[in-house]
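See structure below.
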Amino acid sequence: QAGGALHFHLNKVVNLYVVHLVARRRYALVPRYARHLRAPVRLETYARFLSLLAPASLETKKRIIQEALEWIPMEHEGGLRAIVARVLDDSREVVDPLSGAAAGAAATRGPRHREDVLEWACVAGADTHAEAATHACALVRQLCLTRTSAAVAEENERGRAGGGDGGHRSAPSGEARARRVVAELLPADLQANAAA
């Protein structure tokens, strides 16, 4: 029975095996077993899997998405679109670095992680481009504001130190990173709209 105790325990065993495959870096087998999980569990487990592999190369991401599409449908509850959307949403989550257990995770979050996660939505195909566009807009705003706030903080610090340096700015250029996101990460069909 779909809602019975045996089904619940079998789902738990398969989920543990999927986690084991991820830990052993047997990524090609992950979607073959994850497809048998109940939709909410597959969504949670696969989203964590993609988030864990966010720093991977673009070629690796393309391969993983292609393998996933062979076993997991794009649409429906627990489908690849929902999984990618969940990864994007999770990357935007604000983590308090002072909150004890989450302190380690907080160090890995930020614009760089969000850029890496954006690649999942870009390589998954045109079906996830709407999610990619929404995420890219938020990321570009964050990068531009990061540059602005860093520059303001630096200027205030120089002012307190008693002097300036003739307008020299050493804060990282968030605007340049934002342009790179638009120019290099977004698919061609989204770049035309982003340029405007």
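A few comments on the model shown:
- Residues located in the range 135-176, provided they are open to solvent by 60 Å² or more (accessible area, probe 1.4 Å), modelled with pLDDT under 75 and within 24 Å of the chain's Cα centre (by Cα): Thr146, Thr148, Ser149, Pro172, Glu175
- Being outside any loop (DSSP other than H, G, I, E, B), within 30 Å of Glu184 (Cα to Cα), of a type in the set (A, V, I, L, M) and open to solvent by less than 90 Å² (accessible area, probe 1.4 Å) is a description that does not apply to Ala54.
- Condition check for Ala28 on (1) in contact (Cβ under 8 Å) with a residue 40 or more places away in the chain; (2) farther than 22 Å from Val181 by Cα; (3) open to solvent by 40 Å² or more (accessible area, probe 1.4 Å): one failure, at (1).
- Only one of the numbered conditions (1) open to solvent by less than 30 Å² (accessible area, probe 1.4 Å); (2) of a type in the set (Ser, Thr, Tyr); (3) under 21 Å from Val181 (Cβ atoms) is not met by Tyr46, and that is (3).
- Scanning the range 59-79 for residues that are of a type outside the set (Ser, Thr, Tyr) and closer than 20 Å to His113 by Cβ, we see that the one that is most open to solvent (accessible area, probe 1.4 Å) is Glu59.
- Close Cβ contacts (under 8 Å, 6 or more residues apart or on different chains) running from residues in the range 46-69 that are in contact (Cβ under 8 Å) with a residue 24 or more places away in the chain to residues that are of a type in the set (Phe, Trp, Tyr) and surrounded by fewer than 18 Cβ atoms within 10 Å (Cβ to Cβ) comprise Leu53/Tyr27; Ile64/Tyr27; Glu67/Tyr27.
- The range 1-38, subset small (Gly, Ala, Ser) and out of contact with any helix residue (DSSP H, G or I) (no Cβ under 8 Å at 6 or more places or on another chain), residue nearest to Val84 (Cα to Cα): Ala23
The values are calculated or read from the model by the stated rules, or taken from the named source; none is laboratory data. Bear in mind that the values here come from a model prediction, so they are computed numbers and not experimental data. Positions of Cβ are backbone-derived with ideal geometry, glycine not excepted, and every protein chain shown enters the neighbour counts. SASA here: full protein model, heavy atoms, side chains in, ligands and nucleic acids out. Shrake-Rupley method; radii C 1.70, N 1.55, O 1.52, S 1.80 Å.
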